[in-house]
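This report refers to the structure that appears directly beneath it.
Taken together, the values in this text are just the output of simple stated rules run on the coordinates, not laboratory data. Remember, predicted model here, so these are calculated numbers, not experimental data. Positions of Cβ are generated from backbone atoms using ideal geometry, with glycine treated the same way; all protein chains shown enter the neighbour counts.
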Amino acid sequence: MMKIQILNTQVSVSNQIAIDDIENLKKLGVNIIICNRPDEEVLGQATFQSIKEQAELLGIAAYHIPFVGGEMQPSHIEDFLSIVKTGQKIHAYCRTGNRSTHLFNAAIAHAHIDHTPVQPEINPASMAGTPNVSVQSEAVNKANSAVMHFDVVIAGGGSAGIATAASLRKRKPHLRIAIIEPSPNHYYQPGWTMVGGGIFTRQSTQRKTGELIPKGVTWLQESVVGFEEEKNAVLLSSKRYIHYSHLVIAMGLQLDWHAIEGLEQTLGKNGVTSNYRYDLAPYTWELVKKLDKGMAIFTQPPMPIKCAGAPQKALYLSADYWFKKKCLSNIGIHFYNAGKVIFGIETYVPALKKYMKKYNAQLHFSHTLIKIDGPTQTAWFKQAAEDGDKIISTPFDMIHVCPPQSAPDVIKQSRLVDDKGWLDVNMHTLQHKKINNIWGLGDVTNTPNAKTMAAVRKQAPVVAKNICHAINQMPLSAQYDGYGSCPLTVERGKVVLAEFGYAGKLLPTFPRFINNGARPTKLAWLLKANLLPFIYWQCMLKGREWLTGCNANKKKP
Ligand code: FAD
């Protein structure tokens with residue numbers, strides 16, 4: 001006879017149920033049945049499959065999370081929790097109902113520990129047969145002290161981390177996934193150029209991280225401080241280890257403000273700004289509106305940087321404002337670029353040069369910003385020349401700085417990098433070159449593509465698909481072609497949409513008659529200003545993969 005115990009408004013448990021009991025559970029409003037015991041524990045026990053078949057006939061879903069007494073693992077808790085998070089009415093059963101009760105209590109504790117420190121490396125002891133009254137506190141302790149292991153650990157919950165988690169969940173909903181991300185806020189960084197141009201508010205580029213973590217994925221709000229790849233573990237800032245079967249590294253890159261003498265002290269004042277920071281992008285717009293005569297400087301550091309077009313986008317949108325305000329002739333615009341060309345892909349260069357001419361901007365190549373003095377509004381550059389480097393200085397009224405960039409220090413200090421300090425992955429499969437269960441995507445890797453959100457949109461499904469293949473012991477079939485895109489906002493209302501892959505191969509999304517990427521178009525502006533933010537928040541971070549070539553909604557691996 002089924003003895004039901006109600007644990008809360010959502011979950012009930014019982015001893016072993018019979019096929020005939022399912023009708024009664026249906027009458028009680030149960031939508032999901034969970035079996036927590038292995039088949040054939042005792043002779044004559046109804047198999048999970050027979051329960052499932054009858055449940056499904058009555059429109060009830062059934063899941064099997066079996067474990068024997070004393071062997072409840074974090075993976076069981078995670079699986080149970082992901083079902084609890086659906087909000088559906090659940091009935092769980094085992095031999096007596098005790099295991100299901102322990103699991104429920106542990107899941108509650110686990111939901112709590114997603115956001116608070118837990119102790120690692122303690123062996124879970126037996127919980128079988130524990131009297132009910134002491135179960136709850138014991139289960140909580142066990143969950144808090146269990147070895148934290150996940151099928152997939154994602155280091156970094158920015159664009160690439162969340163997109164990959166969402167993509168994995170679409171493909172394998174029961175994978176146990178953790179994202180390690182310290183920041184409570186998440187940013188749509190491509191919007192910062194528009195904030196600096198007075199088109200977006202900065203608030204529109206920010207959301208709470210917690211709201212974006214896909215359902216069923218555990219968020220550990222901490223930093224990764226070390227990699228112990230031989231133990232399949234990462235070390236967190238709280239000195240805890242998190243173990244994984246697969247590790248995805250998506251930690252972005254580091255902005256090296258400190259590499260320019262005097263910069264950190266003066267950022268956000270004295271006319272010194274940067275669209276590379278959420279808090280500073282509005283200051284760019286403030287400066288642009290205020291300036292009606294003087295010297296405006298825009299800098300670009302050595303490659304690689306994220307969104308290589310962003311330094312000149314800041315220039316175009318500022319100059320366009322001054323042009324339309326009819327004060328451009330009073331403002332000297334200078335673009336100091338550490339590189340030797342205005343843009344790496346020749347196709348787009350003529351259109352960009354035309355705009356530089358329109359805005360009367362002086363181009364200075366092979367010039368790297370090395371020092372700034374805010375109070376005297378002076379900037380120093382190292383000019384690389386055949387007859388030796390020179391140092392030049394220039395005054396400014398406003399300077400937009402793009403900082404030098406490198407992989408995060410913890411990556412550089414690991415054994416996972418190439419000789420330049422970037423995460424060393426195969427440029428097509430995105431699998432680490434030496435360690436098969438480590439993957440990387442986004443700005444942190446050494447793949448020779450443009451470091452952009454657009455690249456991440458294509459990379460996330462590739463990583464997700466290849467991890468699923470690896471789990472299924474199949475060959476890795478998903479390949480990243482190096483796609484990246486840079487919508488160059490040459491004026492308000494027009495964009496030159498650069499889209500290209502490895503070795504500079506042009507990879508336009510639209511046929512030429514709809515959008516010619518080599519020319520400034522209104523359609524590309526609409527894309528940048530309206531469509532891309534929507535695609536980011538509603539598609540990319542939610543595992544909707546249209547136009548990525550790896551659509552999880554269409555075909556599961
Ligand atoms: P991020 O989104 O930066 O995420 C990295 C995450 O890792 C962060 O959340 C960080 O907190 C976390 N992290 C760091 N260290 C640790 C640690 N130790 N432990 C755990 N977590 C850690 N792209 C475009 O496609 N089009 C554009 O027009 C465009 N314009 C841009 C304009 C600007 C001004 C900027 C700054 C960027 C622009 N980009 C653009 C680039 C795009 O934003 C990035 O390429 C993209 O965000 C990369 O994603 P990511 O996940 O690799 O890095």
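In percent, how large is the relative contact order of the chain, given Cα pairs closer than 8 Å and 6 or more residues apart? Present the calculation step by step, with values, prior to reporting the outcome.
Values: 1189 pairs, mean separation 67.8, N = 557.
Relative contact order here is 12 percent.
Neighbouring Cβ atoms within 10 Å as the yardstick, rank W322, W192, W537 fewest first. Please list the in-between numbers first.
Working: W322 21, W192 26, W537 14.
Final ranking by Cβ density, sparse to dense: W537, W322, W192.
Show me, bin by bin at 20 Å from 0, the whole-percent P(r) of the chain based on Cα pairs.
In order of increasing distance, the bins hold 20, 45, 25, 9, 1 percent.
Points 7 angstrom from Cα along the Cβ direction at I370 and M2: gap in nanometres?
Each label point lies 7 Å from its Cα, and together they span 7.8 nm.
Once the Cα atoms of helix 48-57 and of the chain are each reduced to a long axis, what angle between those two axes, in degrees from 0 to 90 to the nearest 10, is obtained?
With rounding to tens, the tilt is 70 degrees.
If contacts are Cα pairs under 8 angstrom and at least 6 residues apart, what is the relative contact order of the range 473-557 in percent? Provide the component values of the computation, followed by the final result.
Working: 91 pairs, mean separation 18.4, N = 85.
RCO, the range 473-557: 22 percent.
Using amide H atoms built in the peptide plane, which far-off residues or other-chain residues are under 5 Å from Q254 H to H?
Amide H to amide H, under 5 Å and 5 or more residues apart or across chains, Q254 pairs with S406, A407.
Which percent, nearest 5, of DSSP beta bridges in the chain are antiparallel?
Numbers: 38 of 85 bridges.
Taking every DSSP beta bridge within the chain, about 45 percent pair in antiparallel fashion.
Within a 10 angstrom radius of the beta carbon, how do Y283, Y278 rank from fewest other beta carbons to most?
Details: Y283 22, Y278 18.
Listing Y283, Y278 from fewest to most nearby Cβ atoms yields Y278, Y283.
Using θ = phi - 60° and the Karplus form 6.51 cos²θ - 1.76 cosθ + 1.60, what ³J(HN,Hα) does each residue of the range 60-72 get, whole Hz, x for Gly and Pro?
So the J values, rounded to whole Hz, are 10, 7, 9, 10, 10, 10, x, 7, 8, x, x, 10, 5.
What angle do you read, to the nearest 10 degrees and between 0 and 90, between the alpha-carbon axis of helix 132-145 and the longest principal axis of the chain?
The angle comes out near 30 degrees.
Using the Karplus curve 6.51 cos²θ - 1.76 cosθ + 1.60 with θ = phi - 60°, what ³J(HN,Hα) values do you get for each residue of the range 198-204, in whole Hz, with x for Gly and Pro?
Values per residue, Gly and Pro as x: x, 9, 9, 7, 5, 4, 5 Hz.
Along each of the three principal axes of the Cα atoms of the range 476-557, give the extent in whole Å, ordering the values from largest to smallest.
That works out to 43, 30, 19 Å along the principal axes.
How much of the DSSP beta bridge set in the range 326-483 is antiparallel, as a percent to the nearest 5?
Numbers: 15 of 20 bridges.
So the antiparallel bridges in the range 326-483 amount to around 75 percent.
I'm a student and want to see the number: the projected area of the Cα convex hull of the range 166-255, averaged over all directions, in nm².
Details: hull surface 29.0 nm².
Computing the convex hull of the Cα atoms and averaging its projections yields 7.2 nm².
Would you order I342, I90, I154 from fewest to most other beta-carbon atoms within 10 Å of each residue's own beta-carbon? Intermediate results must be reported in sequence, preceding the final value.
Numbers: I342 18, I90 24, I154 31.
The most exposed by this proxy come first: I342, I90, I154.
Is the range 315-404 best put as rounded, prolate or oblate by its Cα gyration tensor, with a ≥ b ≥ c the root eigenvalues, rounded for a/c under 1.5, and otherwise prolate when a/b is larger than b/c, oblate when not? Show your work: numbers first, answer last.
On the way: a/c = 2.23, a/b = 1.16, b/c = 1.92.
Because a/c hits 1.5 or more and a/b fails to exceed b/c, the range 315-404 counts as oblate.
What full-extension length gain, to one decimal in nm, is calculated for L531 and K89 as 0.36 nm per residue of separation minus the Cα-Cα distance? Spell out each step's value before the answer.
On the way: separation 442, 0.36 × 442 = 159.12 nm, distance 3.79 nm.
Extra length from L531 to K89 when fully extended: 155.3 nm.
If you average over every viewing direction, what projected area does the convex hull of the Cα atoms of the range 398-557 give, in nm²? Write down the numbers at each step before the final one.
Working: hull surface 46.4 nm².
Over every viewing direction, the Cα hull of the range 398-557 projects on average to 11.6 nm².
Just to check I understand the Karplus step: with θ = phi - 60° and J = 6.51 cos²θ - 1.76 cosθ + 1.60, what whole-Hz values come out for the range 268-282, glycine and proline as x?
The phi angles translate into x, 8, 6, x, 9, 9, 6, 6, 7, 10, 3, 6, 9, 4, x Hz.
Relative to the longest principal axis of the C-alpha atoms of the chain, give the angle of the C-alpha long axis of helix 98-113, reported between 0 and 90° and rounded to the nearest 10°.
It works out to around 20 degrees.
Among P511, L488, H428, pick out the residue whose Cα is farthest towards the positive end of the charge dipole of the range 375-524, where Lys and Arg carry +1 and Asp and Glu carry -1 on C-beta, about the Cα centre.
It is P511.
Along the three principal axes, how long is the range 292-343 when you take its alpha carbons, biggest first, rounded to the nearest angstrom?
35, 16, 13
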